[in-house]
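Worksheet: one structure, shown below.
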Amino acid sequence: MKHLMMSVVMVMVMASLFFFPSSGRGAEVIKLPPPAHQGSMSVEAALKARRTVRRFAARGLSLAQISQLLWATDGTSDPRGLRTAPSAGATFPLEIYLVAGDRGVGQLAAGLYRYRPQEHALELTQKGDLRQAVARACLFQAWMAEAPVMVVIAAEFARCTARYGQRGVMYTHMEVGHAGQNLFLQAEALGLGAGIVGAFEDRGLSQVLKLPSHHPPLLVMPVGYKH
Ligand SMILES: Cc1cc2nc3c(=O)[nH]c(=O)nc-3n(C[C@H](O)[C@H](O)[C@H](O)COP(=O)(O)O)c2cc1C
């Protein structure tokens with residue numbers, strides 16, 4: 001009887017490993033290709049070229065481009081886990097999400113993905129093309145939905161306020177700005193363009209993205225080839 005019980009437990013453990021290989025919770029996880037640490041455009045040229053882009057070509061992006069964009073936004077750049085964007089006290093309150101449209105990214109189904117910086121991977125959190133709904137939540141800024149992808153930066157303020165109290169709220173907003181500029185410059189350096197949107201209905205956008213209530217969205221950045 002004891003042996004039978006042990007066999008059943010073993011089979012259940014093996015089955016769970018097989019069905020939930022990456023996260024232990026059944027989430028679909030996509031490993032991103034490694035980012036490049038050299039490019040063909042100087043920082044100065046990217047700074048000079050950067051503009052808020054609001055017109056995008058109907059052309060998707062590759063997984064390599066997505067990898068580069070997300071890494072630049074807030075990926076890890078150091079074995080200690082430090083990031084491309086500075087973070088007050090290394091508390092890392094930011095959560096980066098990718099909204100991928102239909103045919104927005106080769107090799108990626110339309111949906112919402114959470115970026116996991118430590119693994120440089122994407123975790124699918126919701127299926128379907130959410131761009132129109134996001135644009136509506138952003139006070140009907142229809143131009144946004146023409147971009148093949150959008151990067152949404154949300155934050156868990158408590159990670160920062162646990163150390164700095166109310167001041168951590170300000171620090172978190174500052175950190176979003178750093179990450180946003182990283183994305184802007186990387187998009188330019190890849191020959192792409194990015195927009196930036198802070199005008200949205202907080203609750204409406206959270207609902208569209210089904211974000212946990214402790215991860216409010218702070219910035220939306222549509223990215224794609226310029227039209
Ligand atoms: C925090 C923030 C929020 C913004 N929100 C919007 C927005 O909701 N919609 C939009 O079209 N542009 C938005 N912008 C872009 C500004 O309009 C733009 O940066 C400004 O006109 C200067 O143009 P430039 O970025 O091309 O230099 C935002 C910019 C920032 C920094």
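When the solvent-accessible area of segment 41-224 is split by element, carbon and sulfur atoms take up 53 percent of it, the probe being 1.4 Å. Placing a label point 7 Å from the Cα of residue 173 along the Cα-to-Cβ line, the residues of segment 192-227 whose backbone N sits under 14 Å from it are 198-199, 218-219. The accessible area of residue 146, taken with all protein chains in place and a 1.4 Å probe, comes to roughly 110 Å². Expressed as an acute angle from 0 to 90° and rounded to the nearest 10, what is the orientation of the C-alpha long axis of helix 2-19 relative to the principal long axis of the chain? For 2-19 against the chain, the angle is about 20 degrees. Near the amide H of residue 218, within less than 5 Å, lie the amide hydrogens of 153, 154, 155, all on another chain or at least 5 residues away, with H placed in the peptide plane. Annotated for the chain: lysine pairs at least 8 residues apart or interchain, Cα distance under 23 Å, count 4. With contacts taken as Cα pairs under 8 Å at a separation of at least 6 residues, segment 41-224 carries a relative contact order of 29 percent. Computed extension length for residue 37-residue 213: 59.9 nm, one decimal, from 0.36 nm per residue of separation with the Cα-Cα distance subtracted. Taking the helices alone, the chain has a mean residue ellipticity at 222 nm of -11500 deg cm²/dmol, built from -39,500 (n - 2.57) per DSSP H run of at least 4 residues and averaged over all its residues.
Using the Karplus relation 6.51 cos²θ - 1.76 cosθ + 1.60 with θ = phi - 60°, the per-residue 3J(HN,Hα) values for segment 116-128 come to 10, x, 4, 9, 6, 9, 10, 10, 5, 10, 7, 8, x Hz, with x marking Gly and Pro.
Along segment 83-98 the Karplus relation, 6.51 cos²θ - 1.76 cosθ + 1.60 evaluated at θ = phi - 60°, assigns HN-Hα couplings of 10, 5, 9, x, 9, 4, x, 6, 8, 6, x, 6, 10, 9, 10, 10 Hz to successive residues, with x for each Gly and Pro.
Compared with the dominant principal axis of the Cα atoms in the chain, helix 167-189 is inclined by about 70°.
Rolling a 1.4 Å probe over the protein heavy atoms gives the chain an accessible area of 53 Å² per residue. The residues 108, 47, sorted by heavy-atom accessible surface at 1.4 Å with ligands and nucleic acids left out, run 47, 108 from largest to smallest. With N as its number of residues, segment 41-224 has a Cα radius of gyration that, divided by 2.2 N^0.38 Å, comes to 0.96.
The values are calculated or read from the model by the stated rules, or taken from the named source; none is laboratory data. The shown structure was predicted, so the numbers you read here are calculated from the model rather than taken from an experiment. Because the Cβ atoms are built from the backbone with ideal geometry, glycine has one as well, and the counts that use them run over all protein chains shown. Just so you know, the surface numbers come from the protein's heavy atoms only, side chains and all, with ligands and any DNA or RNA stripped out. Shrake-Rupley method; radii C 1.70, N 1.55, O 1.52, S 1.80 Å.
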